[in-house]
1. Got a sec? Which of 27, 39 is more than 14 Å from the chain's Cα centre (by Cα), farther than 12 Å from residue 6 by Cα and open to solvent by less than 90 Å² (accessible area, probe 1.4 Å)?
2. Is it the case that some residue within region 12-19 is more than 20 Å from the chain's Cα centre (by Cα) and open to solvent by less than 50 Å² (accessible area, probe 1.4 Å)?
3. List the number of the failed condition for residue 42; all other conditions in (1) in contact with a helix residue (DSSP H, G or I) (Cβ under 9 Å, 6 or more places away or on another chain); (2) closer than 30 Å to residue 18 by Cβ; (3) at pLDDT 90 or above hold.
4. Given the conditions (1) in a helix (DSSP H, G or I); (2) open to solvent by 40 Å² or more (accessible area, probe 1.4 Å); (3) of a type outside the set (Ser, Thr, Tyr), and given that residue 34 satisfies all but one, which numbered condition is not satisfied?
5. Return a yes/no flag: does region 2-9 have any residue that is outside any strand (DSSP E or B) and surrounded by 10 or more Cβ atoms within 10 Å (Cβ to Cβ).
6. Any idea which residue in region 50-68 is least open to solvent (accessible area, probe 1.4 Å), counting only those that are assigned to a strand (DSSP E or B) and in contact with a Ser or Thr (Cβ under 7 Å, 6 or more places away or on another chain)?
Amino acid sequence: MTIVQIFGWKGIAAEKKKLWIQECTTILAKTFNEPIDEITVFINEIPSENWGQAGAIGTDKDWLIKSRVQDKVGDRDASD
């Protein structure tokens, strides 16, 4: 059995989910000669408050700026 997991932000359109499931199933079935009834696709929607990047939570209004910090943890100023 093949299991595929797709992670995305909360709010993915139902039509897009349907297309992802159909396309993933088709590609796997053709590429690996898998029976389609042995292919399962999970779509996981992650709310903004449940993830972060570079120490900034996804709900932070300045997330885009804060998440692009490329310093190493030891290099950051204590005031950050």
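The values are calculated or read from the model by the stated rules, or taken from the named source; none is laboratory data. Please read all numbers here as calculations on a predicted model, not as lab measurements. Positions of Cβ are generated from backbone atoms using ideal geometry, with glycine treated the same way; all protein chains shown enter the neighbour counts. With ligands, DNA and RNA removed, areas are computed over all heavy atoms of the protein, side chains included. Shrake-Rupley method; radii C 1.70, N 1.55, O 1.52, S 1.80 Å.
1. Working: 27 fails: open to solvent by less than 90 Å² (accessible area, probe 1.4 Å).
Being more than 14 Å from the chain's Cα centre (by Cα), farther than 12 Å from residue 6 by Cα and open to solvent by less than 90 Å² (accessible area, probe 1.4 Å) holds for just one of 27, 39, which is 39.
2. Of region 12-19, the ones more than 20 Å from the chain's Cα centre (by Cα) are none.
No.
3. Single failed check for residue 42: (1).
4. (1)
5. Narrowing region 2-9 to residues outside any strand (DSSP E or B): none.
Checked against the condition, which is being outside any strand (DSSP E or B) and surrounded by 10 or more Cβ atoms within 10 Å (Cβ to Cβ), region 2-9 yields no hits at all.
6. Initially, region 50-68 is screened for residues assigned to a strand (DSSP E or B), giving 52-53, 56-57.
Filter once more, so that each one left must be in contact with a Ser or Thr (Cβ under 7 Å, 6 or more places away or on another chain): 53, 56.
Details: 53: 79, 56: 8 Å².
By that ranking, first place goes to 56.
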